[in-house]
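In what follows, a structure is listed as structure tokens, so that the remarks can point back to it.
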Amino acid sequence: MSAAQKRSGAVRKSKKGPSVGTGGYGRKALEGKGPTPKAEDRPYHKAFKNKELAERSAAKRGNTTKGGSAPRGRSTSRSKGSEELVTGRNSVVESLRAGIPAKALYLAIRIEMDERVRESLKIAAERGIPVLETGKAELDRMTDEAIHQGLVLQIPPYDYKDALETVKSTIAKYNKGHIKNAPLFVALDGITDPRNLGAIIRSASAFNAHSVIVPERRSVGLTASAWKTSAGAAVRVPVTRAPNLNSTLKGMKEAGVFVIGLDGDGDVSLPDLGLATEPLCIVVGSEGKGLSRLVRENCDSIVSIPINSGMESLNASMAVGITLYEVSRKRSA
């Protein structure tokens with residue numbers, strides 16, 4: 001017996017020729033499955049369902065792109081006539097307290113609860129607002145990276161009625177005796193601050209105005225900020241839209257409405273206004289530029305509010321409030 005055969009456990013080695021390969025067919029098995037897909041790309045993951053929900057929502061709005069920039073932690077406005085997103089715990093709970101119409105409340109998964117979150121959920125439940133748990137990544141995408149603190153409120157676009165149609169229907173009701181006080185309207189010329197609009201709506205509600213008119217272009221709309229400033233008055237006083245303010249003013253005059261413009265250089269002082277008891281539209285311009293030239297030309301009268309000579313001008317919402325009060329006083333006299 002040879003030495004190799006005597007050693008226990010010895011391995012007998014023999015030379016072997018070349019073996020037949022797989023021809024590359026086994027390469028795919030050796031490569032592995034690649035990197036792990038993102039949670040939102042895995043059909044069985046909750047983030048995937050949230051992503052699909054957001055995409056369907058965006059498709060319904062007709063806007064799949066991200067919205068414009070906004071003050072961080074406040075609101076994110078989408079394209080004109082689409083939803084607005086209110087972000088941040090303080091802003092969301094204040095909006096809900098103000099009774100702003102809401103489409104959905106988005107809540108981050110595993111959000112850290114505090115009094116603002118609890119109150120937001122309570123109001124949403126009372127008002128029947130859907131609450132949707134959403135991943136932080138999706139909330140970041142929805143809000144364009146705004147500081148949302150895990151809480152986002154989706155507000156549907158405001159349903160503006162046509163200004164002139166509203167005026168005509170109000171005049172018709174007044175002529176039939178269905179409305180006791182003469183129709184009263186407020187029109188905005190170049191007002192771009194939503195807080196001014198909200199304050200004007202609030203004054204209009206306090207003094208029984210029938211609508212607030214905003215131009216379709218170069219003017220503020222009824223945003224979340226305007227809703228909050230109005231303190232719920234936007235529910236009672238409709239905001240109507242004029243495709244062209246000058247054309248609307250001309251149509252109002254043809255319908256029997258007197259149009260007065262507010263300006264510091266007016267030819268009539270507010271205490272001497274003799275049109276207060278007639279169907280009336282009060283037009284106010286921006287604090288800086290005032291009334292535009294064409295709007296001034298379409299006014300029956302330009303009215304000034306007597307103020308201290310050291311004060312250059314009044315805030316637009318303040319001027320409207322003072323004028324509405326004087327009109328109301330003259331009508332009740």
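What follows draws every value from the coordinates through simple rules; no lab data is involved. The structure displayed is predicted, hence computed values, not measured ones. Using ideal geometry, Cβ is built from the backbone for each residue, glycine included, and neighbour counts are taken over all protein chains shown.
Values computed for the structure shown
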| read-out | value |
| --- | --- |
| Phi-based couplings in Hz for region 137-145 (Karplus 6.51, -1.76, 1.60; Gly and Pro marked x) | 4, 5, 5, 4, 5, 4, 9, 6, 6 |
| Gyration tensor verdict on region 188-237 (Cα atoms; rounded if a/c is under 1.5, prolate if a/b is larger than b/c, oblate otherwise) | oblate |
| Cα centroid of region 88-155 to Cα centroid of region 238-316, whole Å | 40 |
| Cut-off under 5 Å, modelled amide H: who pairs with Val257 long-range | none |
| Sequence-separation-based contact order of region 161-332, relative, with Cα cut under 8 Å and 6+ spacing, percent | 26 |
| Prolate/oblate/rounded label for region 124-196 (Cα gyration tensor, a/c 1.5) | prolate |
| Net charge of neighbours whose Cβ lies under 12 Å from the Cβ of Leu121, counting Lys and Arg as +1 and Asp and Glu as -1 | 0 |
| Among the listed pairs Lys228/Lys253; Lys180/Lys289; Lys180/Lys253, those beyond 26 Å (Cα-Cα) | Lys228/Lys253; Lys180/Lys289 |
| For region 161-332: rounded, prolate or oblate by the Cα gyration tensor [a/c cutoff 1.5] | rounded |
| Pair Lys161, Arg217: separation of 7 Å Cα→Cβ label points (nm) | 2.6 |
